[in-house]
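Before I ask anything, let me first share the structure, which is written out below as structure tokens.
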Amino acid sequence: MDFTNTIQISQMIVNELAASAFVHKMQGQLFVSQGFKSLGQKYIDHYNEEMGWVEKYTDRLFDLGCVPEINVCSKAKLIEDPKAYLEADLKLQRKGVEDLLKAMPALACDPTTYDITKAYLLDEEEDLYWDEEQLALIDKIGLQNWLVKQL
């Protein structure tokens, strides 16, 4: 069986997700330092969750006899404004979900990676919905009221 597509997609996910997770961790720390402990902890916990997915994909690559190539160091700027960060994160979440949906047919010949990716996609959709929900809440109750909830 040819696992070329599986390896390429899994390798891409490992690197993109590890980089994204690290940004979430740093954003979380920034929000905590600003006094938004609840919001900061949300993103720190999100980092841990995402690194769990990195481990699953890494283990799958090892199962397929592939040693992952690590390429996660890219430049990123933290966003100090929580609402602006939610808006930026929402854009990334939408693109990520779209990319995963496009990858699913290429993984159909590998049920193991397909199932991992299907579960990961569901998790990413939840994250997308959370971002949308928070931005809708800001519109309904106002930014200052929402920020108080993040303390």
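In the stretch 57-91, what residues are surrounded by 17 or more Cβ atoms within 10 Å (Cβ to Cβ) and assigned to a helix (DSSP H, G or I)?
Passing the criteria: 57, 58, 60, 61, 82, 85, 86, 89, 90.
Quick check: anything in the stretch 117-125 within 17 Å of residue 5 (Cα to Cα) and modelled with pLDDT of 95 or more?
yes
Report every pair of residues separated by at least 6 positions or lying on different chains whose Cβ atoms are under 8 Å apart, first residue within the stretch 132-144 and farther than 21 Å from residue 97 by Cβ, second among the basic types (Lys, Arg) and at pLDDT 95 or above.
Between residues of the stretch 132-144 that are farther than 21 Å from residue 97 by Cβ and residues that are among the basic types (Lys, Arg) and at pLDDT 95 or above, the close pairs are 138/83; 143/83.
Related question: Condition (residue is part of a loop (DSSP other than H, G, I, E, B), over 16 Å from the mean Cα position of the chain (by Cα) and touching a residue at least 24 places away in the same chain (Cβ under 8 Å)) applied to the stretch 104-117: is it met by at least one residue?
The answer is yes; a qualifying residue exists.
One line per residue, one yes/no per condition, for (1) modelled with pLDDT of 95 or more; (2) of a type in the set (A, V, I, L, M, F, W, C); (3) within 24 Å of residue 138 (Cβ to Cβ):
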{"position": "32", "(1), (2), (3)": "yes, yes, yes"}
{"position": "40", "(1), (2), (3)": "yes, no, yes"}
{"position": "55", "(1), (2), (3)": "yes, no, no"}
{"position": "61", "(1), (2), (3)": "yes, yes, no"}
{"position": "66", "(1), (2), (3)": "yes, yes, no"}
{"position": "69", "(1), (2), (3)": "no, no, no"}
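Yes/no per residue for (1) in contact (Cβ under 8 Å) with a residue 24 or more places away in the chain; (2) surrounded by 20 or more Cβ atoms within 10 Å (Cβ to Cβ); (3) closer than 18 Å to residue 119 by Cβ:
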residue: 1; (1), (2), (3): yes, no, no
residue: 11; (1), (2), (3): yes, no, no
residue: 19; (1), (2), (3): yes, no, no
residue: 30; (1), (2), (3): yes, no, no
residue: 34; (1), (2), (3): yes, no, no
residue: 39; (1), (2), (3): yes, yes, no
residue: 44; (1), (2), (3): no, no, no
residue: 49; (1), (2), (3): yes, no, yes
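In the stretch 33-56, what residues are of a type in the set (S, T, N, Q), in a helix (DSSP H, G or I) and within 15 Å of residue 83 (Cα to Cα)?
Of everything in the stretch 33-56, just one residue is of a type in the set (S, T, N, Q), in a helix (DSSP H, G or I) and within 15 Å of residue 83 (Cα to Cα), namely 38.
If you check residue 83 against the conditions, is it out of contact with any Ser or Thr (no Cβ under 6 Å at 6 or more places or on another chain), without any contact (Cβ under 8 Å) to a residue 60 or more places away in the chain and not hydroxyl-bearing (Ser, Thr, Tyr)?
Criteria not met by residue 83.
Given the criterion surrounded by 17 or more Cβ atoms within 10 Å (Cβ to Cβ), aromatic (Phe, Trp, Tyr) and either within 18 Å of residue 11 (Cα to Cα) or touching a His at 6+ places or on another chain (Cβ under 9 Å) (or both), identify the matching residue among 53, 146.
53
The values are calculated or read from the model by the stated rules, or taken from the named source; none is laboratory data. Computed from a prediction, not measured in an experiment: that's the story for all the values here. Using ideal geometry, Cβ is built from the backbone for each residue, glycine included, and neighbour counts are taken over all protein chains shown.
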